[in-house]
1. Restricting attention to segment B:165-209, which residues are away from chain A (no Cβ under 11 Å), free of Cβ contacts under 8 Å to residues at least 40 places away in the same chain and within 26 Å of B:Lys3 (Cα to Cα)?
2. For segment A:238-293, which residues satisfy the criterion of being within 22 Å of A:Glu165 (Cβ to Cβ), away from chain B (no Cβ under 14 Å) and assigned to a loop (DSSP other than H, G, I, E, B)?
3. Which number in (1) free of Cβ contacts under 8 Å to residues at least 24 places away in the same chain; (2) within 14 Å of chain B (Cβ to nearest Cβ); (3) within 18 Å of A:Asn249 (Cβ to Cβ) marks the one condition that A:Lys133 misses?
4. Mind checking whether some residue in segment A:115-133 is over 18 Å from A:Lys13 (Cα atoms), in a strand (DSSP E or B) and acidic (Asp, Glu)?
5. Could you please find all residues in segment B:110-162 being among the small types (Gly, Ala, Ser) and crowded, with 17+ Cβ neighbours inside 10 Å?
6. If B:Thr195 satisfies every condition in (1) touching a His at 6+ places or on another chain (Cβ under 9 Å); (2) farther than 26 Å from A:Gly182 by Cβ but one, which is the exception?
7. Applying the selection to segment A:208-247, what residues are open to solvent by less than 40 Å² (accessible area, probe 1.4 Å), closer than 26 Å to B:Ile198 by Cα, of a type outside the set (Gly, Ala, Ser) and in contact with a strand residue (DSSP E or B) (Cβ under 9 Å, 6 or more places away or on another chain)?
8. Looking at (1) more than 27 Å from A:Tyr144 (Cα to Cα); (2) in contact with a Pro (Cβ under 8 Å, 6 or more places away or on another chain), which is the one condition that is false for A:Ala61?
Amino acid sequence: MKIFTESEEIIYKLRDIYEKYGYRRFKMSKFEEYAFYMEYKKFLTTQNIISFNDLDGSLLALKPDITLSIAKNAKTDENTKVYYNENVYRASHNIHEYKEIPQMGIEYLGDIDIYAEYEVVRLAAMSVKQIAKTAFARDGEFAYSLDISHMGFVNALFNHYGVSESAKAEVLECLGKKDGEGIFAACTADGVPADGASKIAELASVHGELPALSAFSVCEETEKAYEELKVIFETLPRASINIDFSIVNDMNYYNGIVFQGFVHGIPRSVLSGGRYDNLLAKMGKNVGACGFALYLDLIDLYRESENGYDADIVMLYSEGADIPALEKAAAFYRDNGFRVYVCKKGSVLPKTKKIIEFDGDKEVLV
Amino acid sequence: MKKEMLKVALPKGRLGEKAYKMFADAGYDCPSILENNRKLIFENEEAGVSFFWVKPSDVAIYVEHGAADLGIVGKDILLEYSPDVFDLCDLGMGKCRVAVAGKKDFHDNPERSLKVATKFVNITKNYYSSIGRNIEIFKLNGSIELAPILGMTDVIVDIVETGTTLRENNLDVITEILPISAHLIANKASYRFKTEDIDTLKHELSKKD
C-alpha cells in the first residue's frame, strides 16, 4: 500500500541526498521583521508581503522568501551548508490573492570555489531528476532539464559591446523571453552598433551544450566564466544539462552562474537558483553564496492522479451486526495491504474498487 | 521519450486564419481544420502538429500553462498581460497599431485628469505615466468608440487597423502609441523538451516572410 504522496516521497528522498552531502537542516520561524524586506525589496520575486503588528507594536511579515533569512545569519569566518523545507507566503500571479507555497532548497555560504559551485549545481540536477522520476514518469520514462547561464558572462558581454547600465534591464528582460528582435531594438536604441546588437541578439536562440558558449567569449572576464562552466559541464553527468541565456536574474544580486530546472509535465520551472555574492556584499558580508529553491507546490498541481478510488474495499454491515466478527473480517484485508472503509448499509459510499457485505459471520461480494 | 505532437493555439478570427495559412504553407497543414464541423482539436499526425482555436486574448494563457506548446498572439496581448512565455519571433503579419483617438475637435485640457476608455489598462497606464499625464481609466470590453461619442470619456486607447471605424464615427487618431503585429510564442518548459521541433517550425515560419 502506498502511504506517501509523490511530493512527500520526494521530500524524504531529497533530505537524504542533502544530508549525505553534508548539509544540515535549517529550521526557522515563519516571521521576519518587515523592514528587512524593504531593504532588499528587489531580491524578492514578489512585492506583496503579508505584514502584521507584533504585541509590542513592531511590524512583522510572514516570510515571502527563505534565502534572505539564511543570508542574514551567514557567518563570515566559516562555511554554512544548510537545507530547508518551509512554507513561504506570496501573492499569486494569476489570481490576486496570497498563497502558502511549500519550498525546499539548499544554500552554501562562505568560501565558494569552483568545487562548491559544482556541488550546488549537481544537487540541483539531482533534485530535478528526483522530481521527474518520482512524480512524472510515464511507463518508466521521464525527462528533465537543468538550464544554466552565467550573469558574469552576460554582463561582461554587455559591457564589451557598450550596452549602458540603464538599458541593461530592458535587454535582460528581452533575453529572458528569447526575444531576439526585442534585444536588437533595445540595443540599437541604446546606441550599440548593429554588429554588436546582433551578436547580443544571437544569445536568445542559444540552447544546448557548452561549445555554444565559447563562440560568444570576447574578453578575459567571459573567458573566466567559460572556464568555470567548463569544469561543471565536464564533471556532471552529461545528459539533461544545457546552456540557455534566457535564464536571467537581477544583476544587482546575482553575479555568477544562474540556473533553472524543468521537468517534462510541469509547464513552469520547478527549480531556480544561482550564485549571489552581491546580495551578501549588500549586507556587508564579504562571503560567497550559492543555492537554489524548489517549488514543491507545482508537483501536486501538475502530477496526474492515477488512483481514482477513496478506498480499495468498502465493507457494509447491517444494524445489530456482530462487531468483533466485523472487525476481524476488516482486519484480515487491512493486514493484506488494502484500504478498508467500514460503514453501515444505506450510507453514502466512497468510490471503491470492491464492495463486501458483511452478514453475521459471512462475507458476500456485491 | 516518445516523440510528442506540437500543440498550437490559434486565435479565432481573421488573424488566426492567416496564421494557419502560414503553418500550412510551411508544411504543417491540417486540412480537417477548414471543414465546417464542431470539432475542437485538429491533428496531423504525420506533420506532428495539432491545432485548436481559442479566444485571441486566451492564447497566451493556454501557452503559459502548457496546454499549448506554441501560440499566435498579437503584441498588444503580450504587452497588456505580460505572460511568462518565450516571444520567439515577429511573424510580420496582422500589422496594426495601438493609438489614442478622440473626437475631431478634441482639445486636451491639462488642468484636469484625462478620461480614457480602453480595454488595454496596462498599456494605457504605462503610456500616460511615461509622458507624465494624469488620467482616469474606464475599462471597457468592446465598442470602445462609443465612450467619447457619448461624452463618457475624452479619448480612447484602442487598436487601429485602417481607421475606417474611427472615421465613420467622426473620430481621429491623436497619437500612435505602439506598432502591433502577430508573434509566435512558446511555453518555457515545452521549449526545453521539444527544442528541435520548435526551432525547426520557427525557422520554417520565418522563411515565409
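The values are calculated or read from the model by the stated rules, or taken from the named source; none is laboratory data. No experiment lies behind these values; they were computed from the predicted model shown. Every residue, glycine as well, gets a Cβ built from its backbone with ideal geometry; the counts of neighbours run over all protein chains shown. For accessibility, only protein heavy atoms count, side chains too; no ligands or nucleic acids. Shrake-Rupley method; radii C 1.70, N 1.55, O 1.52, S 1.80 Å.
1. Scanning segment B:165-209 gives a single hit, B:Thr200.
2. Result: A:Asn249, A:Asp250, A:Met251, A:Asn252, A:Tyr253, A:Tyr254, A:Asn255, A:Gly256, A:Tyr276.
3. (3)
4. no
5. Selection gives B:Ala117, B:Ala147.
6. It is condition (2) that B:Thr195 fails.
7. A:Leu210, A:Leu213, A:Phe233, A:Ile241, A:Asn242, A:Ile243, A:Asp244, A:Phe245, A:Ile247
8. Result: A:Ala61 passes all but (2).
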